[in-house]
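We did not get these values from a lab; they are worked out from the coordinates using the rules stated. Just so you know, these numbers come straight off a predicted model, no measurement behind them. Ideal geometry is used to build each Cβ from the backbone, glycine not excepted, and the neighbour counts take in all protein chains shown.
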Amino acid sequence: MRNNYLLFVGMLLLSSSFALASAKDEVGIHGVFVGMPENDFLKIYPQNQWRDFRHTGVNDWLTYNEPLNDPFHEVVTFYFENDKLIQWKLNDRAEVIKEYLDEFCFYQDPSLIYQAIKDVLRRMPYKDFLNVTNRQRPILFTEFYTEGTARFASSSEFIVNAGDSPCCKEGFTLIKLGMSLGLAKTPGPIEGVVAHEIAHRVLDSIRKGNVNCDAERAANALIRKWGFKKEFKEASKLFGQKKGDPAACQEVSHKK
Ligand SMILES: [Zn+2]
């Protein structure tokens with residue numbers, strides 16, 4: 001009896017140390033620990049594998065596909081302060097959005113258009129979100145002036161620093177959002193427009209040569225599926241093509 005008890009305790013100790021070891025491995029953080037210097041970290045998670053990233057002052061945020069090299073898998077973000085790792089999070093969508101927009105959105109926070117882009121990225125299905133925020137094939141959001149002095153010309157800069165992970169290896173999508181969207185008083189109708197344009201990218205309409213009314217309807221159907229029914233209606237009301245416009249596409253009636 002006594003021997004069994006000791007054996008049991010021994011097994012318990014053994015299994016708990018196994019549990020500790022495997023919990024560490026389970027997060028898939030390959031030999032990385034809190035307090036680790038950023039330089040050592042970069043030997044394990046190289047800079048050229050960054051999915052997205054952000055720097056401000058003494059803070060760095062580095063996001064990777066987890067596991068590395070799997071573009072459609074979930075992501076892990078590492079937080080650094082003063083060149084030391086302070087924590088990591090899996091699927092930190094809010095942070096990935098910040099990193100992404102910092103680099104690829106030419107709108108200023110907190111403009112209504114910026115808010116709308118952010119909201120669409122936050123609300124669209126996660127898998128599609130990861131697909132369109134991939135640095136290998138990003139969407140660039142840029143201003144498109146239809147009035148004011150900038151309607152004649154404007155410039156934006158996009159910089160890739162030495163050592164940054166390669167950007168746009170598979171090309172990129174440019175979404176130009178007209179400043180007239182600012183006529184909206186709330187982000188809702190702008191979200192409808194932004195979601196529609198992102199839906200074209202998810203459906204790959206342009207690369208597949210689908211630039212017709214069917215492609216328009218498919219994009220609209222997709223955003224309703226994503227949950228942007230209300231925003232779609234608001235956008236159609238405010239920005240939709242008017243009846244009689246020769247370029248207008250006819251929406252087929254939708255039953256739920
Ligand atoms: Zn369209």
Using θ = phi - 60° and Karplus 6.51 cos²θ - 1.76 cosθ + 1.60, couplings along segment 187-198 (whole Hz; Gly, Pro as x): x, x, x, 5, 4, x, 5, 4, 4, 4, 5, 5
Whether segment 31-161 is rounded, prolate or oblate, judged on the alpha carbon gyration tensor where a/c under 1.5 counts as rounded: prolate
Cα centroid of segment 34-49 to Cα centroid of segment 216-240, whole Å: 43
Cross-link pairs beyond the 18 Å C-alpha cut-off, checked among K118/K169; K98/K118; K176/K225; K43/K169; K127/K225: K118/K169; K176/K225; K43/K169
Gyration tensor (Cα) of segment 95-239, equivalent ellipsoid semi-axes in angstrom: 23, 20, 15
Amide H within-cut-off set for E74, under 5 Å, with H built and near neighbours excluded: E66
Sorted by Cβ density within 10 Å, fewest first, the residues I190, I139: I139, I190
Ranking of L90, L238, L62 by count of other Cβ atoms within 10 Å, fewest first: L90, L238, L62
Among V120, F158, S236 - extreme Cα towards positive end, dipole of segment 95-239, charges at beta-carbon: S236
Residue exposure sequence - F158, F172, F232 - by fewest surrounding Cβ within 10 Å: F158, F172, F232
Whether segment 75-121 is rounded, prolate or oblate, judged on the alpha carbon gyration tensor where a/c under 1.5 counts as rounded: prolate
Derived scalar couplings ³J(HN,Hα) [segment 119-134; Karplus, 6.51 cos²θ - 1.76 cosθ + 1.60; whole Hz; x for Gly, Pro]: 5, 5, 4, 6, 9, 5, x, 4, 5, 5, 4, 5, 4, 7, 9, 7
